[in-house]
1. Just to check I understand the Karplus step: with θ = phi - 60° and J = 6.51 cos²θ - 1.76 cosθ + 1.60, what whole-Hz values come out for the stretch 95-109, glycine and proline as x?
2. Using θ = phi - 60° and the Karplus relation 6.51 cos²θ - 1.76 cosθ + 1.60, list the HN-Hα couplings for the stretch 46-51 in order, rounded to whole Hz, with x at every Gly or Pro.
3. Using 1/(1 + (r/R0)^6) with R0 = 35 angstrom and r between the beta carbons of ARG392 and LYS300, what's the FRET efficiency to the nearest 0.05?
4. Name the residues whose placed amide hydrogens come within less than 5 Å of the amide hydrogen of LEU204, ignoring near sequence neighbours (fewer than 5 apart) on the same chain.
5. Shape verdict for the chain, please, from the Cα gyration tensor: rounded (a/c under 1.5), prolate (a/b greater than b/c) or oblate.
6. Mind ranking 105-115, 51-61 by how tightly packed they are, going by the mean number of other C-beta atoms within 10 angstrom, highest first?
7. First check a/c for the stretch 60-288, with a ≥ b ≥ c the square roots of the eigenvalues of its C-alpha gyration tensor; if it is under 1.5, answer rounded, and if not, answer prolate when a/b is larger than b/c or oblate otherwise.
8. Calculate, in nm to one decimal, what PHE31 and ASP218 gain on full extension: separation in residues at 0.36 nm each, minus their alpha carbon distance.
Amino acid sequence: MKKPIQFDLNKQITNLEISKIRQFDDQVSTFEPLIRLTLGQPDFPTPDHVKEAAKKAIDSDFSFYTRTAGDIKLREAASAFAAAKYNLSYEPETEVIATVGATEALATTLFTILNPGDYVLIPSPAFSLYDSLVKMSQSIPVYMDTSGTGFMVTPELIEETIRSLDKPPKAIILNYPNNPTGTTWNKAEVEGIAHTLSTYPQMLVVSDEIYSELVYDDRHISLGEHLREQTIVINGLSKSHAMTGWRLGLIFAPQPISTELVKTHQSLVTSASTITQFAGIEALTNGQDDALPMKTAYKKRRDVLIQTLEKLNLKVTEPKGAFYIFAALPEDIQMSSYDFCYGFAEEYRVAMIPGDAFGAAGEGYFRISYASSLEDIKTAMVRLTDYVNKLRE
Ligand SMILES: Cc1ncc(COP(=O)(O)O)c(C=O)c1O
């Protein structure tokens with residue numbers, strides 16, 4: 001047989017690992033039937049009025065490219081939504097970009113702002129896309145371990161990390177409400193972080209606020225309100241309107257930066273899907289509170305989870321937003337996160353994500369996504385109780 005040619009491909013890519021979440025999901029997928037508490041997507045349907053708007057867009061033959069940054073009506077709706085909800089002020093024409101999900105918003109942002117060799121501060125644990133995109137940009141991730149600060153990035157942690165570096169970082173990526181821990185900041189905390197970051201005026205702030213509509217007992221406070229000039233706000237409709245498959249993200253960024261972002265966005269995707277953009281106009285205009293019933297359901301599920309985990313004496317940080325809970329492995333059991341989750345999936349047919357999928361600081365924890373039915377969650381908790389008790393015997 002002819003030996004395959006060894007092509008010299010892009011090292012930034014060949015060195016990348018497939019997301020550990022996907023790897024774990026594949027490994028346990030043969031265990032059927034399986035209750036999956038792994039997925040980061042709402043289990044609710046997209047609201048009907050949004051679906052109707054998309055159908056109307058198709059029937060009206062809105063099947064052409066939009067302007068690069070998106071149809072102006074969508075950008076106006078996004079700007080008005082951000083103003084009403086988060087007190088943000090971004091010019092629709094020059095400071096709002098519609099993207100293919102928050103994923104492309106993050107890729108466009110990082111590919112635009114980073115040069116090879118730049119340092120980028122990233123919390124650990126964190127959503128693994130940040131690490132991949134920084135590495136694809138030939139930049140260097142610098143992790144801020146939040147396991148000692150209740151999974152919160154604090155002003156002290158930022159300052160301590162910057163002091164440890166041999167040159168100033170180019171950017172910091174922040175995510176609140178947080179995947180995988182569900183933590184978020186209140187107003188005073190956002191102001192404190194904004195103040196600290198303002199003392200590093202050359203450092204760009206990528207603020208991933210994709211879960212902003214899922215804050216349980218408070219109002220989401222955006223860094224874009226308190227640190228406008230340095231901040232690029234990432235958001236989108238995937239979580240707020242149960243639209244993960246529609247692929248609509250948003251970037252809000254001050255004008256000199258957004259002008260450059262548009263060039264990258266154009267080179268990557270030309271423009272976001274036109275049909276999806278028309279659905280987005282409806283969602284952001286007449287569906288400003290579409291997340292409310294989902295939030296009520298998530299909160300109920302969260303409370304059931306906390307109750308079981310606390311009864312089992314597992315350390316949890318109470319999620320204040322998003323739909324994830326990050327719990328510590330039982331202290332009296334010597335096991336890796338991976339073995340703990342794999343064993344649970346194999347024996348009890350419930351999948352949860354091992355914490356190390358979110359970086360080294362996640363080892364010793366597991367993530368439960370509660371974007372699953374209350375019934376499944378209750379069944380899963382009965383099984384988890386049995387599993388942990390058995391391991392303790
Ligand atoms: C923190 C965070 N940012 C961004 C994304 C990507 O969102 P989208 O589906 O809109 O690309 C996710 C998806 O799970 C996420 O958890």
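The values are calculated or read from the model by the stated rules, or taken from the named source; none is laboratory data. Owing to the predicted nature of the structure, the values given are computational and were not obtained by experimental measurement. Cβ coordinates were reconstructed from backbone atoms using ideal geometry, including for glycine residues, and neighbour counts include every protein chain displayed. Note: accessible area is taken over every heavy atom of the protein model, side chains too, but ligands, DNA and RNA are not part of it. Shrake-Rupley method; radii C 1.70, N 1.55, O 1.52, S 1.80 Å.
1. Karplus-based 3J(HN,Hα) across the stretch 95-109 equals 10, 10, 10, 8, 10, 8, x, 5, 4, 5, 4, 5, 4, 4, 5 Hz.
2. Once θ is set to phi - 60°, the couplings for the stretch 46-51 become 4, x, 4, 5, 6, 4 Hz.
3. 0.75
4. ALA171, ILE172
5. Rounded, since a/c falls under 1.5.
6. Top of the packing list down: 105-115, 51-61.
7. prolate
8. That works out to 63.4 nm of additional length.
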